[in-house]
Amino acid sequence: MSKRRTRKTRKTDDKVEVPMSSMIDVVFLLLIYFIVTQKPIIEDTLLDVNLPSPDTKSSSQNPVPPLTIDVMDLKGYENADKIYHVNGEPWALSTIRTQMKSYDKDKTLVIRCGPNATHGKLIKILDLCSEAKLTNLNIINDDSVKFVPYQQ
Amino acid sequence: MAKKKKKVYDQDVAEIPIASMIDVVFLLIIFFVVTAAMEKDVIDQYVCLADAPHGKALETINPNSVIINLRKDGRIAVSDIIYTEEQLSNLIKTRAQEWYANDPTKMPIIVRGDKRVKHGYIRKVLDAITATELYGVKFMAVIE
């Protein structure tokens, strides 16, 4: 009898499979979690001002007259250069910035804001003062203009 | 005789069971979500602060400070509660007596005014503050 050679093919492949599809799902879930819980970092700053008090020294005792900046309440930005008046004269913001840097750090500034001017305009002036390291800032009322409240 | 074909596959597949790991991840996520500390809401979401790029960055806010939010429509809010000017004055007086009994002038008062609000409303808040005989105020702005 002839011997039939039976070929036994044995596949002895040692495969180590790591199923990736589930791992990808987990990674996506973690990613979504960290995106949702992330908070944007917003840096805040504080701008110090002084309010008029009964103990305010009279100007006659102060040899150097204070610088008065008026924030006018103008609608729109068509007169952007005329929003700020320094000692009665309209000045552009760039001019104010340049001048402020030449003042002494303890110079007294009086800021008079119109009642209908937006708060953002006042903050711009305070920001320029902060840039020039001016700390003696006083805010007073502008009673010459009538305040028009929002219609409710 | 019928031939029998016997196929023998001898594969060693090592599988890591992922299903349990996903359950653990979900549990962890639910744990962190539930135990996340809710911060005290002193920042009013209705207030859009003005820009002050040259200001000094604020590191921490004194927890014993009064933060007054002034919204665009002129409403005064402290910790999400709307106040009138008189109520605001009373609140400031109460907190100054409670936290700074020795020297009330040291109590920080922070005004977070919306950049679009009219200065007349800011003036009302400032008048409410000066009614308590406190004359130092800080305006909060955003550094960009």
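None of the figures in this text is laboratory data; all of them are computed from the coordinates on show. Treat the numbers as computed from the prediction; the structure is a model and nothing was measured. In this analysis, Cβ positions are derived from the backbone assuming ideal geometry, glycine residues included, and neighbour counts consider all displayed protein chains.
List of remarks:
- Here the simple spin-label model places points 7 Å from the Cα toward Cβ, and for B:ASP73 and B:TYR46 these points are separated by 0.6 nm.
- For the range B:99-137, backbone nitrogen atoms closer than 16 Å to the point 7 Å from B:THR84 Cα along Cα-to-C-beta are found at B:124-125, B:128-129.
- With 30 Å as the limit on Cα-Cα distance, the pairs of A:LYS121/B:LYS106; A:LYS101/A:LYS146; A:LYS82/B:LYS72 that go past it are A:LYS101/A:LYS146.
- Evaluating 6.51 cos²θ - 1.76 cosθ + 1.60 at θ = phi - 60° for every residue in the range B:89-95, the Karplus couplings come out as 4, 5, 5, 5, 4, 4, 5 Hz, glycine and proline recorded as x.
- Each Lys or Arg adds one and each Asp or Glu takes one away; over the other residues whose Cβ falls under 10 Å from the Cβ of B:GLU144, this sums to -2.
- The amide H of B:VAL137, built 1.01 Å from its N in the peptide plane, has A:VAL49, A:LEU51 as neighbours under 5 Å, considering only residues 5 or more places off or on other chains.
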